[in-house]
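To keep things clear, I will list the structure first and then write my remarks on it.
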Amino acid sequence: MGAKEEVLYSMQDRVAEISINRPEVHNTLTPSAIARIEELLAQAERSPDVGAIILRGAGGKAFCTGADLGSGLEMRDASFLEKHDARASFARLLLRMQRTARPILAMVEGYCMAGGLGLCLACDLAIASEDAQFGLPEVKRGLWPYMVTALLMRHVGPKKALELCMTGERISADEAEKLGLITRCVPKGELQKEAYEMARKIASLSPAVLALGKRSFYSAWDLPLEKALDYLASQLTHNTQLEDMAEGISAFLQKREPVWKGR
């Protein structure tokens, strides 16, 4: 029997599912798991049959609880720069997620901690089970959630962000929703249904418009208002050149469903 795959991939109804498959250790991340997630994101992005991506953790008890602290022992003979590059691979994954043309939805159940919260924040949308728990416990391990901080400060105000970082305390899914860390909190038994309904709804729309819109959203995020408006005006002009825009307007006027071409 071969080694168990750390990350699984499947697809149905134009929705690709990427699942971290290490439930016995709360779906912690190893360097190889991070690399595999990146590979599968690229695979989904290349496929014309994929309209949206769901990221989840296997086993039902944890979405992801961050880095596998024990995996560092495997690099005891690595150089300082090799160890640094391995740690930085997580930062590259977070950036890759936001640059992926396909919308990514986190389906969160159980623990969503440390780097796992970073993965959740890097997703475009996130639906969580009502019993999910969120937190940044790094400070209790003598660390700071450095890379997650870059996303955290873009989702919540500085006082709440620093409270999460400085105390390491957990919060509920309900509070995470109120803070804007997730899109929606739903009853445990409805999580998969709700997540897939949203993913299928998004996947039914124009992949070209979604890709252009997602890229423009993140590109404008940190721009001053005047520059953001100038940039977004240029993106609207790009949008008007898409065949899918002409199809969307024609379908609306003809009272029919659009047939998207993705261009």
Rounded tilt (10° steps) of 243-253 against the dominant C-alpha axis of the chain = 60 degrees
With only alpha-carbon atoms counted, please give the Rg and Dmax of the range 30-141, in Å.
-> 14.7, 44
Centroid-to-centroid separation of the range 124-139 and the range 218-263 [C-alpha atoms, Å] = 32 Å
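Find the eigenvalues of the gyration tensor of the Cα atoms of the range 182-259, then list the square roots of 5 times those eigenvalues as equivalent ellipsoid semi-axes, largest first, in whole angstrom. Before the final figure, lay out each step's value.
Numbers: eigenvalues 150, 102, 14 Å².
Result for the range 182-259: semi-axes of 27, 23, 8 Å.
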Please report CYS123, CYS165 as a ranked list, fewest other C-beta atoms within 10 angstrom at the top and most at the bottom.
-> CYS165, CYS123
Residue exposure sequence - TRP144, TRP221, TRP260 - by fewest surrounding Cβ within 10 Å = TRP221, TRP144, TRP260
Euclidean distance between Cα centres, the range 151-202 to the range 91-110, Å = 14 Å
For the range 119-236, would you read off the P(r) tail past 17 Å as a percentage of all alpha carbon pairs?
-> 65 percent
Here the alpha-carbon Rg of the chain over 2.2 N^0.38 Å rounds to 1.06
Below 28 Å Cα-Cα, how many Lys pairs turn up in the range 7-203? Only count pairs eight or more apart in sequence, or on different chains, if you could.
-> 18
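Counting other beta carbons within 10 Å of each residue's own, what order do PHE90, PHE217 fall into, fewest first?
Exposure proxy ranking, most exposed first: PHE217, PHE90.
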Contour excess over end-to-end distance, with Cα ends at ASP222 and VAL209 and 0.36 nm allotted per residue | 2.5 nm
HN-Hα J in Hz across the range 164-180 - Karplus 6.51, -1.76, 1.60, θ = phi - 60°, x for Gly and Pro = 4, 6, 7, 9, x, 7, 8, 10, 7, 5, 4, 5, 4, 5, 5, 7, x
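We did not get these values from a lab; they are worked out from the coordinates using the rules stated. In this text the structure is predicted, and so the values were computed from the model without any measurement. Every residue, glycine among them, receives a Cβ derived from its backbone with ideal geometry; neighbour counts consider all protein chains shown.
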